[in-house]
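Q: Quick one: this structure, given as structure tokens, is what I'll be asking you about.
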Amino acid sequence: MQDLKGKVAYITGGSKGIGYGVAEKLVAAGMRVAISGRTLKTVETAAQYLGGSDTVLALQSDVSKLTDEKAAIQQILEAWGQVDVVIANAGVGHFAPVDEMSDEQWHQMIDTNLSGVFHTLKASVQGLKKSKGYYITLASLAGTNFFASGAGYNATKFGVVGFTQAAMLDLRKYDVKVSTIMPGSVATHFNNNEPSEKDAWKIQPEDIGALVLDLLKMHPRTLPSKIEVRPTRPDKK
Ligand SMILES: NC(=O)c1ccc[n+]([C@@H]2O[C@H](COP(=O)([O-])OP(=O)(O)OC[C@H]3O[C@@H](n4cnc5c(N)ncnc54)[C@H](OP(=O)(O)O)[C@@H]3O)[C@@H](O)[C@H]2O)c1
């Protein structure tokens, strides 16, 4: 994996935010990158900015549906014949006191953030065993720090951390690396944010991209399986 040129990556939720920032770094490193999201038009627009159709593939997939994820991996294999890196990044957040959280908000977070990472793994694991590849989830510091109005989001991200660590133990015997990245605040569109100057103190999406590159280039014998990453200096209000 240390030579990334021509390797194939799949990033769920790659149309904006962290997924897009990671895609930029992987394309710049010479990889072929498939990105997905719920609306094909949005993903296609992002893909055009990232590079030509030889190096970037735009896919429609809602990670809450296993059939969508299976179809996305099938399209990648048909286009490029392999999958080396899978980044389960797609996620949503609804923040409200637990007594006010709606059933719909709860289920959207569970189905996307938690079941989604399972669907993405389930669809890609055969390909990753073949390539002796790398599966990375985007959890959050909310996967270790709980906070008021975070009951649903915390539940999903604590779940993603547990899921990823157990999957790491299951898959390392096939030489498949598995890691979870747990960021603090990142300047993205998450939770209806519009990234601007006010977000300059936050981690930037390309910083997570650089972190992913470091992981991919790490010696095969070494695996940082759980990575916490936070802004160096918290917001000065
Ligand atoms: N921003 C932060 O401070 C922060 C911190 C820690 C962890 N995270 C995690 O990082 C990940 C990426 O978030 P972000 O901050 O980059 O948010 P973002 O800017 O809102 O981007 C989210 C991406 O996920 C896609 N998406 C949402 N639901 C989806 C679904 N059901 N199926 C497929 N794609 C879906 C979105 O595309 P469409 O809407 O077009 O489908 C978009 O591409 C999430 O898992 C989030 O929990 C974020």
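Rule-based calculations on the coordinates, nothing more; no lab input. As the structure is a computational prediction, the values presented were derived from the model and not from experiment. Because the Cβ atoms are built from the backbone with ideal geometry, glycine has one as well, and the counts that use them run over all protein chains shown.
Q: Please determine, in degrees from 0 to 90 and to the nearest 10, the orientation of helix 40-50 with respect to the longest principal axis defined by the Cα atoms of the chain, where the helix direction is its Cα long axis.
A: Approximately 70 degrees, to the nearest 10.
Q: With a/c under 1.5 counting as rounded, go ahead and sort the range 96-237 into rounded, prolate or oblate using the C-alpha gyration tensor (a ≥ b ≥ c being the square roots of the eigenvalues; past the cut-off, prolate if a/b is larger than b/c, else oblate).
A: oblate
Q: Tell me which chymotrypsin sites (Phe, Trp or Tyr not before Pro) from the range 121-185 have a DSSP coil assignment and no more than 14 other beta carbons within 10 Å of their own.
A: For chymotrypsin sites (Phe, Trp or Tyr not before Pro) across the range 121-185 that sit outside H, G, I, E and B with at most 14 neighbouring Cβ atoms in 10 Å, the list reads Phe146, Phe147.
Q: Sticking with this one: Order by neighbour count: Val33, Val56, fewest other Cβ atoms within 10 Å first, most last.
A: In order of increasing Cβ crowding within 10 Å: Val56, Val33.
Q: Give me the percent relative contact order of the chain, please, defined on Cα pairs under 8 angstrom at least 6 residues apart.
A: Taking the mean separation of contacting Cα pairs over the length of the chain, I get 21 percent.
Q: Would you mind classifying the chain by shape? Square roots of the alpha carbon gyration tensor eigenvalues, ordered a ≥ b ≥ c; an a/c under 1.5 is rounded, otherwise it is prolate if a/b is larger than b/c and oblate if not.
A: Verdict is rounded for the chain.
Q: Can you put Thr222, Thr42 in order, fewest other beta carbons within 10 Å first?
A: The fewest-first ordering by Cβ neighbours comes to Thr222, Thr42.
Q: Still on this model: Could you work out the helix-only [θ] at 222 nm for the chain, with each DSSP H run of four or more residues adding -39,500 (n - 2.57) and the total divided by the number of residues, to the nearest 500 deg cm²/dmol?
A: -13000 deg cm²/dmol
Q: I need the GluC sites (Glu not before Pro) found in the range 131-237, filtered to DSSP loop residues with at most 15 other beta carbons within 10 Å of theirs.
A: Nothing satisfies the criteria.
Q: Under 21 Å from the Cα of Lys226, which lysines turn up, not counting those fewer than eight places away in the same chain?
A: Partners within reach: Lys25, Lys122, Lys129, Lys132, Lys157, Lys173, Lys177, Lys202, Lys217.
Q: Please report the net charge: other residues with Cβ closer than 13 Å to the Cβ of Leu4, K and R +1, D and E -1.
A: Computed value for this residue: +2.
Q: Okay, moving on. In the range 101-202, which trypsin sites (Lys or Arg not before Pro) are in a loop and have at most 13 other Cβ atoms within 10 Å, using DSSP for the loop call?
A: Lys132
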